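The next block holds one structure in the form of structure tokens; read it before the comments.
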Amino acid sequence: MGIFGELGFLDISKLLLKISDLSGFLDHSLKGHNLRVAAISSILAQDISYSKEFLKKVLIASIFHDIGILFQKKVEQKELLFRESSEGTKAIHLHAFLGYELFKRYPKFKEVALAIRDHHRNYSEFLKNPGKYSYTGQIIHLADRIDIFVMNRIKLGWDFPKILFYLKEKLSVSKGRIFDPVLVEILINRYFDKEAFWFYLYTDREEYVEELILSLISNLDLSYKIKEVLQVVDIFGFIIDFKSPFTATHSSGVAQTAAHLSSILGFSPEEVRKMKIAGFLHDIGKIYIPLEILEKPGRLTESEFFIMKSHVFHTYMILKESIGDIDIVKWASYHHEKLNGEGYPFKLKAEELPIGSRIMAVADAFTALTEDRPYKKGIPPEKTVQILEELAQKNALDKRVVYVLKKNLSSINTSKEKVQEKAKELYDRMRQIAYSGEFN
């Protein structure tokens, strides 16, 4: 049954850890930071509330708190986040606002969105209007600044007792103005003298932080309805696509096309949702592909194409580790396999390819061929179907799936274009905010 229970719920705990890990790969300034902030935030939160719903929101918001950095291109904008003197400036809120823009679209994650937006608000500002600003943001704010303070001094070669001495001094003079005094007192009185607290976080062993996070997660129920999980993977699919403007709406288009095809082919509503999840995540491995290859205007060299082909293997490994449902893993990871065994990267043959993987292959090819890319203009849908029919005749694609696409071309293409238009609107808005630095 995998991680989908009888009532259609999905445990996203491992997926959250993987998203944090991949965020660190996309932007090395985030490496380890999100998890450490999540650990500190969650520990502090447990000391002020026993509400599991509250603790879940703190955990999710802290893991995603810097997700907006992935949309910022200007180096000076990112550097602000690691300067302790930049607190209180408007520019430091840019990445927080970008993260808020991503999450605010979903009612289930409204409070997460607000916490992300407010995680650089000083306590004095929070006190002026506590009904407007998120208190969860205050918890993350303290955890974030602690990690920045400690890591900056580790890089300077300070020994840890010296770091803790000056950290305590900074917190003591800043409480009530920059930080919530209650949270500061909890940290100083309950955790400052616990060596294990700091060893978990700052011993160059990332697995220690992950172990700490997993122990905190074990007390929570991070199972969400599949409809709600779709919102998380939609966000991450958007982050994957945002890496290049030429693929800005690809994952949403593939997800919608695959879901539409699977519905016509008799999949149950839950299986259709799983197909949509697989569609959003099918190109997650492209995170590891250099941008110069993704956006190359001409034909890839043999060496470059070899690297490009690795993205589906990365997708397979990422999802195998973080998504326990084998259907989603196969449907997402096998979209470049062919029925004749000449696909990649596993060279699977027809009998090894489930119908979900065959649907995904057609959905990916149809979406890619109709999109503009650096090296070509998009092909009209009718011409694209002709190309897919030729591939089906060569036993590369499933004939029945291609036939269903052809028979329902108008409705499938219309639904694809509709979701891609919405994705492009968000892409253009995020890009405009990220590049201009202007937001309210």
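Details
- Counting only helices (runs of 4 or more DSSP H) that fall entirely inside the range 120-208 and contain at least 2 residues that are acidic (Asp, Glu) and closer than 21 Å to Ala96 by Cα, the qualifying elements are 135-155.
- Restricting the range 294-329 to residues that are among the charged types (D, E, K, R) and more than 30 Å from Arg273 (Cβ to Cβ) leaves a set whose member that is modelled with the lowest pLDDT is Glu295.
- Residues that are closer than 18 Å to Asp283 by Cβ and of a type in the set (A, V, I, L, M, F, W, C) occur in the range 369-392; there is at least one.
- The selection criterion, being touching a Lys or Arg at 6+ places or on another chain (Cβ under 9 Å), under 29 Å from Gly298 (Cβ atoms) and surrounded by fewer than 19 Cβ atoms within 10 Å (Cβ to Cβ), does not hold for Leu388.
- Restricted to helices (runs of 4 or more DSSP H) entirely inside the range 350-440, those with at least 2 residues that are touching a residue at least 40 places away in the same chain (Cβ under 8 Å) and over 28 Å from Ile67 (Cα atoms) are 355-370, 399-407, 409-436.
- Answer from Ile287, Ile293, Ile239, Ile277 - the residue that is without any contact (Cβ under 8 Å) to a residue 24 or more places away in the chain and either assigned to a helix (DSSP H, G or I) or of a type in the set (Val, Ile, Thr) (or both): Ile293
- In the range 40-59, the residues that are acidic (Asp, Glu) reach residues that are part of a helix (DSSP H, G or I) with C-beta atoms within less than 6 angstrom, at least six apart or across chains, in these pairs: Asp47/Ile186.
- Of the residues making up the range 351-385, those that are at pLDDT 95 or above, farther than 21 Å from Phe306 by Cα, touching a helix residue (DSSP H, G or I) at 6+ places or on another chain (Cβ under 9 Å) and of a type outside the set (Lys, Arg) number 18.
- Put simply, of Lys162, Lys108 the only residue that is free of Cβ contacts under 8 Å to residues at least 24 places away in the same chain and surrounded by fewer than 19 Cβ atoms within 10 Å (Cβ to Cβ) is Lys162.
- Among the residues of the range 391-420, none is identified as exposed (fewer than 13 other Cβ atoms within 10 Å of the Cβ) and in contact with a Ser or Thr (Cβ under 8 Å, 6 or more places away or on another chain).
- Exactly one residue out of Lys309, Lys347, Lys330 is exposed (fewer than 15 other Cβ atoms within 10 Å of the Cβ), without any contact (Cβ under 8 Å) to a residue 40 or more places away in the chain and basic (Lys, Arg), and it is Lys347.
The values are calculated or read from the model by the stated rules, or taken from the named source; none is laboratory data. Remember, it's a predicted structure, so these values are computed and weren't measured experimentally. Note that we place each Cβ from the backbone using ideal geometry, even for glycine, and neighbour counts take in every protein chain shown.
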